[in-house]
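Everything below concerns the one structure shown next.
The values are calculated or read from the model by the stated rules, or taken from the named source; none is laboratory data. All of these numbers come straight from a predicted model, not from anything done at the bench. No Cβ is skipped: glycine too gets one built from the backbone with ideal geometry, and neighbour counts run over all protein chains shown.
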């Protein structure tokens with residue numbers, strides 16, 4: 001279970017900022033949201049949006065950030081930089097040892113430059129073969145680089161690109177414009193399947209990643225090729241030597 005059920009339709013009691021020096025300074029407007037209800041929790045690329053009638057809180061986890069849902073009164077640690085307290089007695093805690101994440105505020109009716117010009121979500125109907133092929137025919141970059149471009153599609157990071165390309169039996173260094181329509185059809189299908197499976201199993205376990213309840217993600221246990229150079233390939237006899 002993600003954080004959405006814990007936050008949707010809940011009112012903000014207070015937002016406690018212990019360390020404002022993250023990738024960008026934490027927006028001061030967050031301190032004045034007491035009593036505001038979180039209407040919806042959504043996502044764009046790697047940004048989490050907590051939507052209210054006044055605007056949206058935009059959270060990015062950076063390289064080492066994590067979010068946990070806890071009971072109010074839980075003792076905070078050195079790297080617990082932001083607490084979002086709810087009127088139901090719960091809190092959303094943001095931990096970030098490297099401080100490369102961010103907590104920003106977008107007033108209603110305004111936009112944030114970092115969210116502009118992003119491609120569609122990979123699990124949306126918009127992201128399909130007919131959408132990708134016209135874009136790919138103009139690009140000679142490696143197909144892995146192409147599918148990781150947030151202007152093409154958001155949310156396909158290094159791990160998911162590796163797994164999807166492996167499953168589709170497409171070399172990551174092939175030029176994007178060299179793939180046939182059928183190959184793109186298969187790759188798009190694999191991207192959707194890999195991401196859907198990752199979401200179902202709790203994401204990938206990397207460094208300090210935690211699920212909102214503090215449990216680790218489990219998708220990393222089933223990765224086919226990422227981080228397994230030299231290990232026996234799960235679909236072959238010899239050790240994996242792919243440059244993924």
* List the number of the failed condition for residue 93; all other conditions in (1) under 21 Å from the mean Cα position of the chain (by Cα); (2) touching a residue at least 40 places away in the same chain (Cβ under 8 Å) hold. => (2)
* **Residues located in segment 15-48, provided they are at pLDDT 95 or above and at positive phi** => 35
* Asked: If we only count helices (runs of 4 or more DSSP H) wholly inside segment 111-174, which ones have 3 or more residues that are closer than 15 Å to residue 196 by Cβ?
  -> 158-168
* How about segment 161-187: which of its residues are free of Cβ contacts under 8 Å to residues at least 40 places away in the same chain and under 17 Å from residue 121 (Cα atoms)? -> 161, 164
* How do the pairs read when you match residues in segment 109-132 that are under 15 Å from residue 160 (Cβ atoms) with residues anywhere that are at pLDDT below 90 and in a loop (DSSP other than H, G, I, E, B), using Cβ under 8 Å and keeping only pairs 6 or more apart or on different chains? -> 121/155; 122/155
